[in-house]
1. Find the strands (runs of 3 or more DSSP E) located wholly in the stretch 1-70 whose residues include 1 or more that are in contact (Cβ under 8 Å) with a residue 40 or more places away in the chain, and list them.
2. What number goes with the only condition from (1) modelled with pLDDT of 95 or more; (2) out of contact with any Gly (no Cβ under 6 Å at 6 or more places or on another chain); (3) under 19 Å from Gly91 (Cβ atoms); (4) not acidic (Asp, Glu) that Leu47 does not pass?
3. Got at least one residue in the stretch 63-84 being of a type in the set (Asp, Glu) and touching an Asp or Glu at 6+ places or on another chain (Cβ under 7 Å)?
4. Which members of the stretch 38-97 meet the condition of being within 21 Å of Thr15 (Cα to Cα), of a type in the set (S, T, N, Q) and in contact with a Phe, Trp or Tyr (Cβ under 8 Å, 6 or more places away or on another chain)?
5. When you go through Val27, Val6, Val14 one by one, which is the residue that is out of contact with any Phe, Trp or Tyr (no Cβ under 7 Å at 6 or more places or on another chain), of a type in the set (A, V, I, L, M, F, W, C) and surrounded by 12 or more Cβ atoms within 10 Å (Cβ to Cβ)?
6. Given the criteria at pLDDT 95 or above, among the aromatic types (Phe, Trp, Tyr) and loosely packed, with under 13 Cβ neighbours inside 10 Å, does Tyr95 qualify?
7. Scan the stretch 74-89 and tell me whether some residue there is in contact (Cβ under 8 Å) with a residue 12 or more places away in the chain, exposed (fewer than 12 other Cβ atoms within 10 Å of the Cβ) and in contact with a strand residue (DSSP E or B) (Cβ under 7 Å, 6 or more places away or on another chain).
8. Kindly evaluate Tyr52 against the criterion of being over 23 Å from Met1 (Cα atoms) and of a type in the set (Phe, Trp, Tyr).
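The values are calculated or read from the model by the stated rules, or taken from the named source; none is laboratory data. This one's a predicted model, so the numbers in the text were calculated from it and none came from an experiment. Please note: Cβ atoms are built from the backbone with ideal geometry, for glycine as well, and neighbour counts cover all protein chains shown.
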Amino acid sequence: MINHVVLLNWGPGVTEKTILTVTNGFVNLAKVIDEIRSYSFGPNLNLEGSNYHYALVATFENMKDFNTYTVHPAHTHFMDTITSPIVASYGAVQYSS
């Protein structure tokens, strides 16, 4: 399995409504990209301090499925139009399990 972890920090002026749009977008991606085996995401609960505002964890069966996800038109459109304009910084890692 390939695990993809993304941590996001929003730029200034991002509203709760905008964050809901992001969350709904991730819900939609899980419905249209068959290669996603599991998808978990949401705002930071700030239980132990706050380094990032939002997290996403996606699991894929193999590297081929992960690569398909990264270039899938629904994913690239979502990134280009919804997340990239509002993200100030991010971190991403992939690991196998």
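1. Working: elements: 2-10, 36-43, 54-60.
Fully inside the stretch 1-70 and qualifying: 2-10, 54-60.
2. Result: Leu47 passes all but (1).
3. Initially, the stretch 63-84 is screened for residues of a type in the set (Asp, Glu), giving 65, 80.
Among the residues that remain, those that are also touching an Asp or Glu at 6+ places or on another chain (Cβ under 7 Å) are: 65.
Looking for residues that are of a type in the set (Asp, Glu) and touching an Asp or Glu at 6+ places or on another chain (Cβ under 7 Å), one finds at least one in the stretch 63-84, hence yes.
4. Asn44
5. Working: Val27 fails: surrounded by 12 or more Cβ atoms within 10 Å (Cβ to Cβ); Val6 fails: out of contact with any Phe, Trp or Tyr (no Cβ under 7 Å at 6 or more places or on another chain).
Exactly one of Val27, Val6, Val14 is out of contact with any Phe, Trp or Tyr (no Cβ under 7 Å at 6 or more places or on another chain), of a type in the set (A, V, I, L, M, F, W, C) and surrounded by 12 or more Cβ atoms within 10 Å (Cβ to Cβ), namely Val14.
6. Values: at pLDDT 95 or above: yes; among the aromatic types (Phe, Trp, Tyr): yes; loosely packed, with under 13 Cβ neighbours inside 10 Å: yes.
When the stated conditions are applied, Tyr95 passes them.
7. Scanning the stretch 74-89, I find at least one residue that is in contact (Cβ under 8 Å) with a residue 12 or more places away in the chain, exposed (fewer than 12 other Cβ atoms within 10 Å of the Cβ) and in contact with a strand residue (DSSP E or B) (Cβ under 7 Å, 6 or more places away or on another chain), so the answer is yes.
8. Numbers: over 23 Å from Met1 (Cα atoms): yes; of a type in the set (Phe, Trp, Tyr): yes.
Yes, satisfied.
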